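In what follows, a structure is listed as structure tokens, so that the remarks can point back to it.
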Amino acid sequence: MGSREITVGAVAESLNAVRSVKHPDRIVVAITHDSRRVESGTMFVAVVGSQSDGHDFVDSAVDAGASAILTERKMDFDVGEIVVDDTRRAMAWAARAVYGEPDTSMDIVGVTGTNGKTTVAHMCESIWTAHDRSVGLVGTLGARLDGKPIELERTTPEATDLQELLATMRDSGVGIVVMEVSSHAMELHRADAVIFDVVAFTNLSQDHLDFHDDMAAYFDAKASLFVRDRARRAVINIDDLHGRRLLSMTTLEALTVGKSADADLRISEVSADEGGTRFTLEYQGESLRIFIPLIGEFNVSNAAVAAGIALVMGTPIEAIVDGLKSIPVIPGRMEAIVHDGGFLVLVDYAHTPDAISEVLQAGRSSARGRVIAVIGAAGDRDRDKRALMGAAAVRFADVTIITSDNPRSEDPGDIAAEVRRGADAVPGADTRVIVDRGEAIAAAIGLATDGDIVLILGKGHEQGIEVHGNVVPFDDRLVASEALAMRGLIRS
């Protein structure tokens, strides 16, 4: 989809540091790094990965009808061939050429940061829908084309998949695309060939240190998006110290947002209740009164970033106000489980120490009674944040239940013990460990009484638990609903 006919030679002209080209007149109509997706006329990219080497699958790709290959060494096949030093770096630009440079036909917005990317992207979608623009969205919850879902394997798709998706959106008449850009995507060159009209920064806190060497490397991956060969303008949250640092580094024209007195788009007069949050945005001498149907200061920050993006893109103020007040439910982001009891049950994706603190503080500001938290840390990921997650939870929750998340290859009890070590460092905390996640959620809901708020954190929209390479079906929202039904608080 979205492809056009292009010669191997024309693809080679779009790349830097080409070592050799064979059969430059061969025609290419599609491109993939997955040999299982090769069809007649496809260019196959042989990527050297951590688990396998794509060069080992070139013969399978040729047998499946590949008209060309992009490789790091000459291969003995009678197909078009481009040899480069690094296929991972090259394939984004090759895919952009094959799919007709889709980013030049649409406005493209990239959102990066540790927390808030998904919410900001969905807020932008809501704003531009209110402005009657045809919108594409790419992110953690999948892709959407004018509200219709498209499943994705990762937050930012692999370069060949991303360019094909953008081309599909272009060919469907989409005028503006908002996409989450992960640090993994930057390091693995997935978004290299997208020229963004606006890039936005939400915040930075500890996460993904199983992938990045340290926080400096993590920041550098995010900051690499804010340069002139990748983007034209920026929106930066300067309430975050990393945002301040980013502002001092970037050469892009930047709109700053935050509560800070020197922010271009300044947040003030925040007030909240169970129905949502009201606040004022002050911009160029004007005051905009905004309502969002979400609780939490962090969501005010997210809304300000989304509003800043929209302003930079020339969106009318009326559409910004209307879009923000009519944000639909974002799956797994402070998602309320509706029931007949006198307490709140919310499911959220918060899985970093900072996100846990922010979400529980939001719960604290809304609860008339206790805050009851369910948290767990993932296996085979950044171990250093586990104790920090436990400590963050007990600072703001009256009751903290530590449970399993995606344990992967680790023992879930061992992971829970590491989380508990952080929780136990805070004196007087009411901390309990229930390793079975279903039992933990049922216990939290069983404890809740009138005025309490139950926050089930970590998995959000996810619909499975990963254990030793297998994904066992599990949805926090469904499990919470079942526990509420057992208490007679949901009518069948």
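The values are calculated or read from the model by the stated rules, or taken from the named source; none is laboratory data. The model shown is predicted, which means the values in this text are computed figures rather than measured ones. Glycine gets a Cβ as well: all are built from the backbone with ideal geometry, and neighbour counts include every protein chain shown. For accessibility, only protein heavy atoms count, side chains too; no ligands or nucleic acids. Shrake-Rupley method; radii C 1.70, N 1.55, O 1.52, S 1.80 Å.
Structure data summary
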read-out	value
Calculated [θ] (222 nm, deg cm²/dmol) that DSSP helices of n ≥ 4 give over the chain, each run adding -39,500 (n - 2.57)	-10000 deg cm²/dmol
Cα convex hull volume per residue for the range 160-265 (Å³)	109 Å³
Residue-level accessible surface for D382, protein heavy atoms, 1.4 Å, Å²	10 Å²
Positive-pole candidate from G80, I31, T140, dipole of the chain, charges at beta carbon	T140
Long-range amide H partners of G379 with built H, under 5 Å	N406, R408
Counted charge near A97, where neighbours are those whose Cβ lies closer than 11 Å (Asp, Glu -1; Lys, Arg +1)	0
Value of D in µm² per second that Stokes-Einstein yields for the range 316-468, Kirkwood Rh from Cα pairs, at 20 °C (1.002 mPa s)	136 µm²/s
The range 199-333 - charge dipole about Cα centre, Lys and Arg +1 at Cβ, Asp and Glu -1, debye rounded to 20	320 debye
Exposure of K117 as accessible area (Å², to 10), given a probe of 1.4 Å and all protein chains	30 Å²
Charge dipole (debye, nearest 20) of the chain; +1 at Cβ of Lys and Arg, -1 at Cβ of Asp and Glu	780 debye
Kirkwood-based Rg to Rh ratio, the range 308-374, C-alpha trace	1.08
Cα long-axis angle, helix 87-98 against the chain (0 to 90 degrees, to the nearest 10)	80 degrees
Charge sum, other residues only, whose C-beta stays under 11 Å from I238's C-beta, Lys/Arg counted +1 and Asp/Glu -1	0
Surrounding net charge for R368, when Lys and Arg each add one and Asp and Glu each subtract one, Cβ distance under 13 Å	-3
Quotient of Cα Rg and 2.2 N^0.38 Å for the range 447-492, N being how many residues it contains	1.39
Simple Cβ-charge dipole of the range 47-110, Lys/Arg +1 and Asp/Glu -1, about Cα centre, in debye nearest 20	160 debye
Cα-based Rg and Dmax for the chain, where Dmax is the largest Cα-Cα distance (Å)	23.8, 73
Long pairs among K148/K459; K117/K222; K222/K259, criterion Cα-Cα beyond 20 Å	K148/K459; K222/K259
Compactness of the range 80-186, expressed as Rg and Dmax over alpha-carbon positions, Å	14.1, 47
